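Novice: Take a look at the following structure, please.
The values are calculated or read from the model by the stated rules, or taken from the named source; none is laboratory data. Just so it is clear, the model here is predicted, and its values are computed rather than measured. Reconstructed Cβ throughout: ideal geometry from the backbone, glycine too, with neighbour counts over all protein chains shown. Heavy atoms of the whole protein, side chains included, go into the accessibility calculation; ligands, DNA and RNA do not. Shrake-Rupley method; radii C 1.70, N 1.55, O 1.52, S 1.80 Å.
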Amino acid sequence: MKYKLLTAVAAAAMAAGPALAELTFSSLSYRTGPYAAGGIPFADGYADYFTLLNERDGGINGVKINLVECETGYNTEKGVECYEATKGQGVLVYQPLSTGITYQLIPKATADKIPVHSMGYGRTSAKNGSVFEWVFNYPANYWDGASIAITHILDINGGDINGKKVALLYHNSAYGKEPIRTLEELSKKHGYELSLLPVDHPGQEQKSQWLQIRQQRPDYVIMWGWGVMNQVAIQEAANIRFPMENFIGIWWSGSENDVRPAGDSAHNYKALTFHNVGSDYPLFDDIGKYVIDAGKAAGAGDQVGTVLYNRALYAAMLAAEAVKTAMEIHGTTEITPPMMRDGMEALEMTEEKMIALGLPNFGPTFSISCQNHGGYGFGAVTQWDAEAGEFKLITDYFQSDQDVIQELIEEDSAKYAAENGIEPRC
Amino acid sequence: MFYREAGDFKTSYMDDSETFPIRFDRYRYYFVLFAAFAVVPFLLNDYWVNAVLLPFLIYSIAAIGLNILVGYCGQVSLGTGGFMAVGAYACYKLMTGFPDVNIFFHIILAGAVTAGVCVIFGLPSLRIKGFYLAVATLAAQFFLVWLFNRVPWFYNYSASGQISSPERTIFGFPVTGAETAPWTAYLFCLVFTVASAIIARNLTRGMAGRKWMAIRDMDIAAEIIGVNPLRAKLSAFAISGFFVGIAGALFFSVYLGAVEVGEVFGINKSFLVLFMVIIGGLGSIFGSFAGAAFLVLLPVFLKNLLVGIMGWPTDLAAHLEFIIVGGLIVLFLIVEPHGLAQLWRLAKEKLRLWPFPH
């Protein structure tokens, strides 16, 4: 039995040989398991953007794109298996959409010299590119998110939140623990009281946490949730009649799938974002024409314009732009992962570029450098309108508290550099 | 014809009590060892090691450990994930606390620490049995995971709550960390797997193993013939914990490199290892290997077949994989409740008479 299987696996591994003269991207997606509600729209959007480029433009600068999808189920072990299975095919950049898998990939991809782009997730201190040469997390990271949420609360309260109570409801994992340091630092600065409420994987069981919220009566609840945990939390908040406008989720806790199950009672729930919402952009006409109507949509094709679909479009678009930059720098259309890294490090997103792509005013403008792999940390707040059934931007884009965050990033990345014997590059 | 005892004369007691009394079996065993140590390391790549061989070897150790407890001593345990976490965190604390000591000893010490913890959680087994013991060990599972999440000392106060293994070398070759070559990681785990299997095999056919089996078959009768249940049960917990701890330490340090306790060592891991033991065959060392191979290789194989070769959508393949693996488990339990090891035993019986069965 064992040997038979071994030979069969060998045959399978050999059959998946490398493809030539193509730009290979990998989608470590999860369309199954307790996090599929977030994984499906993201995987669809990521695939659809590359399909659009292939169908409309014949790829990037004439080179076709080959997207390899691998199912991780948001599980670290399967993520490692997917990484090992796909890296031999010349994948240019990994976007695993999981903080746990990103932590796995940071040392592995650094050793293999393949860039990782953890857009709005992953290890925050990877923003310091002089330590994390192969890891990028532009345009915003978790600590930016934490600071943006607090700044928003400050704005509502006229700049003074001394003595207010803020609770952090978080997924008890590397992902959910990320903002704690920042929120603690900010509480010293602004004088609010922080309480921590961890929720264990996968997150259906939150009765005791919400009981605590009822007892402690925090003025604001900030949530770091993902997958089924979001839906349950919003439903529980509705059950205890927690005022939704005081309930703020990180960008991973603000999709339609999260608020719909609670119905009308989810009205006014807030979530952060670092890109725009809705499908009112010229690019979506092209997606409709070349991808959806042509029957080439990934998945069921019913996710277009949702928050996470847009985020995946944005991620894919940034990857494609980095490829273009890399092609310019190296003067070739056959780029390798190290060239891709150079392209990402020289990436510059301007409003003109966004307009040309058909996404005017869709995301912040930023430029990446050796020191800064994380952009400038701009974000905005969206609010759920249950009647209209959509998230609406209620603030402009504003920057996180860079004074506090930059210091924390320096500290954490210096610790990582010391642990792993890395000389800062610049 | 060639697979029989006849003509294979034993002239000493040593020879007579060999693990593999049949000559063909013996040569097959030497051949497998030779291939595993001297041939496979030259044929490896990253994918084979990280997706197939390391999980297989490490789960085999865990399955051997659990098999001693469940299969040989009859004490049902659902705490394997938690005990693996003890091994992983002990290894991490030792690696970071004493960076000059060789990782090899850290892993063995991590096993020893787990053995101690396992004995503590095995104490209720002296009063309760069966399902009730399963519940008690389930409590160990949840308590240990909670503990490693709750107390920052265990993860050295890192901001993410994760533990990640620093680079450690053996004879100058890195075996943990990102720079590890596939063959070093493989050989490092292989040494532990083979040693565990040999130790476990010899323990289970010696006095300790007989005591465990006596307790398993009927504890009151065992007590009457002079087996001390306290020592027998707790020694089973200790030795089982030792192997499971080694598996946990290797799982963290060599295989994954960075671990988040709730995800990696959750209740699912306990069930997975228990399934390996049940499918492989309770009370069989070979069964531990067969069960680990079945549950590690089958999903990888199905995934490669359905997605890689047949080009199906990944979600459909993932769902189908659950159905097929689950279905096969049920089928196996109906057709052969004693597991893959029993199939192997039957095949050997048949082979002895072949080609003249009458």
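Novice: Select from segment A:32-42 the residues that are surrounded by fewer than 24 Cβ atoms within 10 Å (Cβ to Cβ) and within 9 Å of chain B (Cβ to nearest Cβ) and write down the one among them that is nearest to the chain's Cα centre (by Cα).
Specialist: A:ALA36
Novice: Restricting the search to segment A:405-426, which residues are at negative phi, within 13 Å of another protein chain (Cβ to nearest Cβ) and in a loop (DSSP other than H, G, I, E, B)?
Specialist: Selection gives A:ILE422 alone.
Novice: Restrict the check to segment B:30-46 and report whether at least one residue is away from chain A (no Cβ under 14 Å), within 13 Å of B:VAL277 (Cα to Cα) and either among the aliphatic types (A, V, I, L, M) or not in a helix (DSSP H, G or I) (or both). First the steps, then the outcome.
Specialist: Of all residues in segment B:30-46, those away from chain A (no Cβ under 14 Å) come to B:30, B:33-34, B:37-38, B:41-42.
Going one step further and asking which of them are within 13 Å of B:VAL277 (Cα to Cα), we end up with none.
No; the residues of segment B:30-46 include none that is away from chain A (no Cβ under 14 Å), within 13 Å of B:VAL277 (Cα to Cα) and either among the aliphatic types (A, V, I, L, M) or not in a helix (DSSP H, G or I) (or both).
Novice: Name the residue that is nearest to B:ILE279 (Cα to Cα), counting only residues in segment B:324-358 that are over 22 Å from the mean Cα position of the chain (by Cα) and of a type in the set (Lys, Arg).
Specialist: Let us first name the residues in segment B:324-358 that are over 22 Å from the mean Cα position of the chain (by Cα), namely B:324, B:327, B:331, B:334-335, B:346-358.
Cutting the leftovers down to of a type in the set (Lys, Arg) gives us B:348, B:350, B:352.
Working: B:LYS348: 19, B:LYS350: 21, B:ARG352: 25 Å.
Taking the candidates together, the pick is B:LYS348.
Novice: Let me confirm something: among B:GLY339, B:GLY280, which residue is within 11 Å of chain A (Cβ to nearest Cβ), open to solvent by less than 50 Å² (accessible area, probe 1.4 Å) and touching a Phe, Trp or Tyr at 6+ places or on another chain (Cβ under 8 Å)?
Specialist: Numbers: B:GLY339 fails: within 11 Å of chain A (Cβ to nearest Cβ).
Going through B:GLY339, B:GLY280 in turn, the sole match is B:GLY280.
Novice: Follow-up. Restricting attention to segment B:283-336, report how many residues are more than 11 Å from chain A (Cβ to nearest Cβ), part of a loop (DSSP other than H, G, I, E, B) and within 25 Å of B:LEU53 (Cβ to Cβ).
Specialist: Here the count works out to 1.
Novice: Would you confirm, using the coordinates I've provided, whether B:GLU223 is surrounded by fewer than 23 Cβ atoms within 10 Å (Cβ to Cβ), of a type outside the set (Gly, Ala, Ser) and outside any helix (DSSP H, G or I)?
Specialist: On the way: surrounded by fewer than 23 Cβ atoms within 10 Å (Cβ to Cβ): yes; of a type outside the set (Gly, Ala, Ser): yes; outside any helix (DSSP H, G or I): no.
For B:GLU223, the condition - surrounded by fewer than 23 Cβ atoms within 10 Å (Cβ to Cβ), of a type outside the set (Gly, Ala, Ser) and outside any helix (DSSP H, G or I) - is not met.
Novice: Tell me, yes or no, whether segment A:232-253 has at least one residue that is within 23 Å of A:ILE101 (Cβ to Cβ) and within 14 Å of another protein chain (Cβ to nearest Cβ).
Specialist: no
Novice: Kindly evaluate B:ALA238 against the criterion of being out of contact with any His (no Cβ under 7 Å at 6 or more places or on another chain), part of a helix (DSSP H, G or I) and crowded, with 22+ Cβ neighbours inside 10 Å.
Specialist: Details: out of contact with any His (no Cβ under 7 Å at 6 or more places or on another chain): yes; part of a helix (DSSP H, G or I): yes; crowded, with 22+ Cβ neighbours inside 10 Å: no.
No; evaluated as a whole, the condition is false for this residue.
Novice: Got a number for residues in segment A:379-426 being touching a Pro at 6+ places or on another chain (Cβ under 9 Å), surrounded by fewer than 19 Cβ atoms within 10 Å (Cβ to Cβ) and within 22 Å of A:VAL259 (Cβ to Cβ)?
Specialist: So the count comes out to 0.
Novice: Output the number of residues of segment A:184-196 satisfying the condition of being crowded, with 22+ Cβ neighbours inside 10 Å and touching a strand residue (DSSP E or B) at 6+ places or on another chain (Cβ under 7 Å). Don't jump to the end; show me each part of the working.
Specialist: Here is the first cut: in segment A:184-196, the ones crowded, with 22+ Cβ neighbours inside 10 Å are A:186, A:192.
From what's left, touching a strand residue (DSSP E or B) at 6+ places or on another chain (Cβ under 7 Å): A:192.
Residues in segment A:184-196 being crowded, with 22+ Cβ neighbours inside 10 Å and touching a strand residue (DSSP E or B) at 6+ places or on another chain (Cβ under 7 Å): 1 in total.
Novice: Which of (1) at pLDDT below 95; (2) closer than 30 Å to B:TYR47 by Cα is the odd one out, the single condition A:PRO139 does not satisfy?
Specialist: A:PRO139 satisfies all of (1) at pLDDT below 95; (2) closer than 30 Å to B:TYR47 by Cα except (2).
Novice: Scan segment B:62-76 and tell me whether some residue there is of a type outside the set (Phe, Trp, Tyr), open to solvent by less than 60 Å² (accessible area, probe 1.4 Å) and within 14 Å of chain A (Cβ to nearest Cβ). Explain how you work it out, then say what you get.
Specialist: Step one: of segment B:62-76, the residues of a type outside the set (Phe, Trp, Tyr) are B:62-71, B:73-76.
Restricting the remaining residues to those that are open to solvent by less than 60 Å² (accessible area, probe 1.4 Å) gives B:62-71, B:73-76.
In the following step, the residues that additionally are within 14 Å of chain A (Cβ to nearest Cβ) were identified as B:62-63.
Yes, that holds for at least one residue.
Novice: Residues being among the polar types (S, T, N, Q) and open to solvent by less than 30 Å² (accessible area, probe 1.4 Å): count how many of those fall in segment A:200-216.
Specialist: In the first step, residues of segment A:200-216 are kept if they are among the polar types (S, T, N, Q); the result is A:204, A:206, A:208-209, A:212, A:215-216.
Okay, now just the ones that are also open to solvent by less than 30 Å² (accessible area, probe 1.4 Å), so A:206, A:209.
Of the residues in that region, 2 qualify.
Novice: I'm trying to understand the selection: among the residues of segment A:221-271, which are hydroxyl-bearing (Ser, Thr, Tyr) and surrounded by fewer than 24 Cβ atoms within 10 Å (Cβ to Cβ)? Even if it seems obvious, please write down each step before you answer.
Specialist: Taking segment A:221-271 and keeping what is hydroxyl-bearing (Ser, Thr, Tyr), we get A:253, A:255, A:265, A:269.
Correct list: A:SER265 only.
Novice: Continuing with the same structure: Any idea which of (1) within 18 Å of the chain's Cα centre (by Cα); (2) assigned to a helix (DSSP H, G or I); (3) crowded, with 24+ Cβ neighbours inside 10 Å is the one B:TYR92 doesn't satisfy?
Specialist: The number of the failed condition is (1).
Novice: Kindly establish whether B:ILE128 is in a loop (DSSP other than H, G, I, E, B), away from chain A (no Cβ under 14 Å) and either surrounded by fewer than 18 Cβ atoms within 10 Å (Cβ to Cβ) or not basic (Lys, Arg) (or both). Walk me through how you get there before you give the answer.
Specialist: On the way: in a loop (DSSP other than H, G, I, E, B): yes; away from chain A (no Cβ under 14 Å): yes; either surrounded by fewer than 18 Cβ atoms within 10 Å (Cβ to Cβ) or not basic (Lys, Arg) (or both): yes.
Judged against the criteria, B:ILE128 is a match.
Novice: Still on this structure: Quick one: in segment B:131-156, of everything that is open to solvent by 20 Å² or more (accessible area, probe 1.4 Å) and of a type in the set (S, T, N, Q), which residue is nearest to the chain's Cα centre (by Cα)?
Specialist: Within segment B:131-156, the match that is nearest to the chain's Cα centre (by Cα) is B:ASN149.
Novice: Test each condition in (1) over 21 Å from the mean Cα position of the chain (by Cα); (2) within 28 Å of A:PHE378 (Cβ to Cβ) for A:ALA238 and report the one that comes out false.
Specialist: Failed condition: (2).
Novice: Residue by residue through segment B:255-303, note down the ones that are in contact with a Pro (Cβ under 7 Å, 6 or more places away or on another chain) and modelled with pLDDT of 90 or more.
Specialist: Restricting attention to segment B:255-303, the residues satisfying the condition of being in contact with a Pro (Cβ under 7 Å, 6 or more places away or on another chain) are B:255, B:257, B:296.
Of everything in segment B:255-303, those that are in contact with a Pro (Cβ under 7 Å, 6 or more places away or on another chain) and modelled with pLDDT of 90 or more turn out to be B:TYR255, B:VAL296.
Novice: If you don't mind, there's one more thing I want to ask. For a quick check of your reading: which helices (runs of 4 or more DSSP H) sit entirely within segment A:43-160 and have at least 1 residues that are within 13 Å of chain B (Cβ to nearest Cβ), open to solvent by 10 Å² or more (accessible area, probe 1.4 Å) and farther than 16 Å from A:GLU178 by Cβ? Please lay out each step first, then the result.
Specialist: Numbers: elements: A:76-87, A:99-112, A:142-156.
So the answer is A:76-87, A:99-112.
Novice: So which residues in segment A:383-426 are small (Gly, Ala, Ser) and over 29 Å from A:ILE106 (Cα atoms)? Outline the logic, then answer.
Specialist: Narrowing segment A:383-426 to residues small (Gly, Ala, Ser): A:386, A:388-389, A:400, A:413-414, A:417-418, A:421.
Result: A:ALA386, A:ALA388, A:GLY389.
Novice: Is it the case that some residue within segment B:241-251 is within 11 Å of another protein chain (Cβ to nearest Cβ) and modelled with pLDDT of 95 or more?
Specialist: yes
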